[in-house]
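What follows is a single structure, written as structure tokens, with notes after it.
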Amino acid sequence: MMGAIPFTLYSRVWCHLCEDMLAALQALEEPGRPFAITVLDVDADPALEARFNELVPVLYGDPDGPELCHYFLDEAAVRTYVASFSTAAA
């Protein structure tokens with residue numbers, strides 16, 4: 001079994017779109033291919049708040065890589081990321 005597929009979700013506590021994106025992402029997990037989702041509260045870090053401000057939620061696979069989506073989950077982008085991660089890990 002391969003390791004968990006990492007995601008970083010930049011979020012904030014009172015954000016319903018953030019909750020929706022997290023739920024939609026979790027719904028894409030498949031048995032045997034778990035996700036490791038790190039949720040970071042942008043309001044807890046001034047640098048993150050300045051970087052993302054009203055753009056949240058913002059989803060990354062690798063936090064140093066390209067953005068996968070913001071505001072709403074881009075299922076195609078997530079599936080492409082998961083497929084490429086699985087290929088790279090194989």
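Data for the structure
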quantity	calculated
When residues of region 57-70 are limited to those that are farther than 12 Å from Pro6 by Cβ and assigned to a loop (DSSP other than H, G, I, E, B), the one modelled with the lowest pLDDT	Pro66
Scan of region 13-22 for residues that are part of a helix (DSSP H, G or I) and exposed (fewer than 15 other Cβ atoms within 10 Å of the Cβ), ordered by number	His16, Glu19, Asp20
Single residue of Glu49, Glu54 found to be in contact with a helix residue (DSSP H, G or I) (Cβ under 6 Å, 6 or more places away or on another chain) and part of a helix (DSSP H, G or I)	Glu49
Residue among Leu9, Leu73, Leu25 that alone is assigned to a helix (DSSP H, G or I) and surrounded by 18 or more Cβ atoms within 10 Å (Cβ to Cβ)	Leu25
Filter result (out of contact with any strand residue (DSSP E or B) (no Cβ under 8 Å at 6 or more places or on another chain) and either surrounded by 10 or more Cβ atoms within 10 Å (Cβ to Cβ) or under 10 Å from Leu9 (Cα atoms) (or both)) within region 55-65	Gly65
Val39 vs. criteria open to solvent by 80 Å² or more (accessible area, probe 1.4 Å) and outside any helix (DSSP H, G or I)	no
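The values are calculated or read from the model by the stated rules, or taken from the named source; none is laboratory data. This one's a predicted model, so the numbers in the text were calculated from it and none came from an experiment. Cβ sites come from the backbone with ideal geometry, for glycine too, and all protein chains shown count toward neighbours. Keep in mind that these areas ignore ligands, DNA and RNA; they rest on the heavy atoms of the full protein, side chains included. Shrake-Rupley method; radii C 1.70, N 1.55, O 1.52, S 1.80 Å.
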